[in-house]
1. Of all residues being at pLDDT 85 or above and part of a loop (DSSP other than H, G, I, E, B) in the range 22-49, which is surrounded by the fewest Cβ atoms within 10 Å (Cβ to Cβ)? Just the residue, please.
2. I'm trying to understand the selection: among the residues of the range 58-76, which are surrounded by 13 or more Cβ atoms within 10 Å (Cβ to Cβ) and modelled with pLDDT under 90?
3. For Cys55, all conditions in the list (1) closer than 17 Å to Ala77 by Cβ; (2) among the hydrophobic types (A, V, I, L, M, F, W, C); (3) at pLDDT below 90; (4) in contact with a Ser or Thr (Cβ under 7 Å, 6 or more places away or on another chain) hold save one; what is the number of the exception?
4. Sort out which residues of the range 50-84 are in contact (Cβ under 8 Å) with a residue 40 or more places away in the chain and part of a helix (DSSP H, G or I), and write them in order of number.
Amino acid sequence: MVDSCPTSPHIHRVFWMPVPDQVPASGEAGDGAGVRAGTRHAFWGRRWDGQEAECKTVCGVVVNLDESSPLDWISMAECGDCRAEILRVRGEVRP
């Protein structure tokens with residue numbers, strides 16, 4: 001697992017990736033034609049190397065990364081907890 005942490009010398013480098021919601025084992029498979037639900041999470045570092053599937057987000061959630069589609073970037077909302085933690089670590093939190 002890649003541990004995304006702010007102790008890296010590159011705390012100002014963050015990349016975002018759409019992360020689909022986990023599908024329950026007994027969930028419906030669906031026809032695959034719909035929009036995937038999920039969230040765009042932040043990760044410390046320059047970019048995803050495509051090798052590690054399990055990564056820890058800036059907000060502390062362990063997720064599985066996978067290739068994303070342009071529709072994922074448009075349809076998935078940004079994680080507010082990731083954004084708040086980035087601002088906190090950088091000292092940019094405003095009252």
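1. The qualifying residue surrounded by the fewest Cβ atoms within 10 Å (Cβ to Cβ) is Ala37.
2. Our first condition is that a residue be surrounded by 13 or more Cβ atoms within 10 Å (Cβ to Cβ); within the range 58-76, this holds for 58-59, 61, 63, 65-66, 68, 72, 75-76.
Correct list: Leu65, Asp66, Ser68.
3. Unmet for Cys55, out of (1) closer than 17 Å to Ala77 by Cβ; (2) among the hydrophobic types (A, V, I, L, M, F, W, C); (3) at pLDDT below 90; (4) in contact with a Ser or Thr (Cβ under 7 Å, 6 or more places away or on another chain): (1).
4. Listed by number, the residues that qualify are Asp72, Trp73, Ser75, Cys82, Arg83.
The values are calculated or read from the model by the stated rules, or taken from the named source; none is laboratory data. Worth saying up front: this structure is predicted, and the values here are computed from it rather than measured. In this analysis, Cβ positions are derived from the backbone assuming ideal geometry, glycine residues included, and neighbour counts consider all displayed protein chains.
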